[in-house]
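Enquirer: Sharing a structure below in structure tokens format, with a few things to ask.
The values are calculated or read from the model by the stated rules, or taken from the named source; none is laboratory data. The model shown is predicted, which means the values in this text are computed figures rather than measured ones. As a convention, Cβ positions derive from the backbone with ideal geometry for all residues, glycine included, and neighbour counts pool all protein chains shown. These area figures cover heavy atoms from the full protein model, side chains too; ligands, DNA and RNA do not enter into them. Shrake-Rupley method; radii C 1.70, N 1.55, O 1.52, S 1.80 Å.
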Amino acid sequence: MANLPPSSTRTIPGTSDIPRHIAIIMDGNGRWAKQRFMPRVAGHQRGVEALREVVKACRQMGVEYLTVFAFSSENWRRPAEEVSFLMSLFLKMLEREVTKLHKNDIRLKVIGERSRFDETLRQTMQDAEQLTANNTGMTLTIAANYGGRWDVMRAVKLMLRDHPELAQDFGEEDLQPYLSMSDAPEPDLFIRTGGEQRISNFMLWQLAYTELYFTGTLWPAFDRNEFDKAIAWYRQRERRFGQTSEQLAGKTAAKQESKGTMDG
Ligand code: IPE
Ligand code: IPE
Ligand code: MG
């Protein structure tokens, strides 16, 4: 519990040019396929390739956490054939990619409600997590049957199960350990491809102070160049966390001054 990352609403997190945590809504697969007169599922297939590229870019850049939205708790509302295609694609991807992730020192995690997945998929998820559990190069988290509201509700339930006395009153610090992403810092950068400017029930709690980047580029077309554009945009942001620009400028000056005395 002592090692929990800081909360943006309780302390001011440190920032740097390289986002420690990037969260992505990979949207626009269906439209990408439709534009090419292909079935929607062909877009999902190409989407896996885009993900592979982004994982590689993040690993190279030194991003510590990459979290991607693969299937929302509301995506069950889609036609049954598309849902079952997505499930088999997910399974194939896990089976095919996990050795490569492992070789690259990447830890794989899955967040979301697993009970609705079939036994084979659940077992494959668990095996992939187990195999890569001790890797430290980067954590890739796949959100599957995940919803931001589900996450917060579940955390409250688990917290109260362990600590019934907290029903009277509790704080953020009591709840935080029970959230799905409790071991990761809050995302610095959020990317949504596909042109929609909404959160679609992704990490509602954790996005409190995240920089939000929206691009019209459809996910299968999101390549290294598009990724670099998002990073360049991120670097231009002034992350104030409620403070004023003047306060931030003061801090930067103080930092440079102390660096000057140390060097001199
Ligand atoms: C995102 O692409 C992938 C999933 C939601 C699984 P979409 O399938 O939502 O593609 P569009 O938004 O219909 O183009
Ligand atoms: C969000 O995309 C979920 C994923 C990318 C997995 P959707 O395409 O489902 O979102 P809405 O329905 O347009 O909000
Ligand atoms: Mg969509």
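Enquirer: Name the residues in the range 115-148 that are within 30 Å of Asp169 (Cα to Cα) and without any contact (Cβ under 8 Å) to a residue 60 or more places away in the chain, would you?
Expert: Passing the criteria: only Gly148.
Enquirer: Surrounded by fewer than 22 Cβ atoms within 10 Å (Cβ to Cβ) and farther than 29 Å from Arg224 by Cβ: is that true of Glu196 in this structure?
Expert: Criteria not met by Glu196.
Enquirer: Which number in (1) assigned to a helix (DSSP H, G or I); (2) farther than 21 Å from Leu207 by Cα; (3) free of Cβ contacts under 8 Å to residues at least 40 places away in the same chain; (4) among the charged types (D, E, K, R) marks the one condition that Asp174 misses?
Expert: Every condition holds for Asp174 apart from (2).
Enquirer: If you don't mind, another one. Identify the single condition in (1) open to solvent by less than 50 Å² (accessible area, probe 1.4 Å); (2) modelled with pLDDT of 95 or more that Arg239 does not satisfy, given that it satisfies every other one.
Expert: With (1) open to solvent by less than 50 Å² (accessible area, probe 1.4 Å); (2) modelled with pLDDT of 95 or more applied to Arg239, the lone miss is (2).
Enquirer: Among the numbered conditions (1) of a type outside the set (Lys, Arg); (2) loosely packed, with under 13 Cβ neighbours inside 10 Å; (3) within 14 Å of the chain's Cα centre (by Cα), tell me where Asp183 comes up short.
Expert: Only one criterion is unmet by Asp183, namely (2).
Enquirer: May I pose another question? So is Val41 hydrophobic (A, V, I, L, M, F, W, C), farther than 23 Å from Met138 by Cβ and within 11 Å of ligand 1 (Cβ to nearest atom) or not?
Expert: yes
Enquirer: Further question: In contact with a strand residue (DSSP E or B) (Cβ under 8 Å, 6 or more places away or on another chain) and among the aliphatic types (A, V, I, L, M), is that true of Leu4?
Expert: no
Enquirer: For the range 9-32, what are the residues that are away from ligand 2 (no atom under 16 Å from the Cβ) and either open to solvent by 40 Å² or more (accessible area, probe 1.4 Å) or β-branched (Val, Ile, Thr) (or both)?
Expert: Thr9, Arg10, Thr11, Ile12, Gly14, Thr15, Ser16, Asp17, Ile18, Arg20
Enquirer: Any residue that is among the acidic types (Asp, Glu), modelled with pLDDT of 95 or more and within 16 Å of ligand 1 (Cβ to nearest atom) - is there at least one of those in the range 186-205?
Expert: Yes, that holds for at least one residue.
Enquirer: Can you give me the ranges of the strands (runs of 3 or more DSSP E) entirely in the range 33-148 with at least 1 residues that are open to solvent by 30 Å² or more (accessible area, probe 1.4 Å)?
Expert: So the answer is 65-72, 106-111.
Enquirer: Shifting gears a bit: Give me the pairs, please: first residue somewhere in the range 82-109 and closer than 18 Å to Ala33 by Cβ, second residue anywhere and part of a helix (DSSP H, G or I) and open to solvent by less than 50 Å² (accessible area, probe 1.4 Å), beta-carbon distance under 6 Å, and either six or more positions apart or on two chains.
Expert: Phe85/Val41; Leu89/His44; Met93/Val48
Enquirer: Let me ask something else. With respect to the numbered conditions (1) of a type in the set (A, V, I, L, M); (2) within 16 Å of ligand 2 (Cβ to nearest atom); (3) touching a helix residue (DSSP H, G or I) at 6+ places or on another chain (Cβ under 6 Å), which one is the sole condition not fulfilled by Ala128?
Expert: Ala128 satisfies every listed condition except (2).
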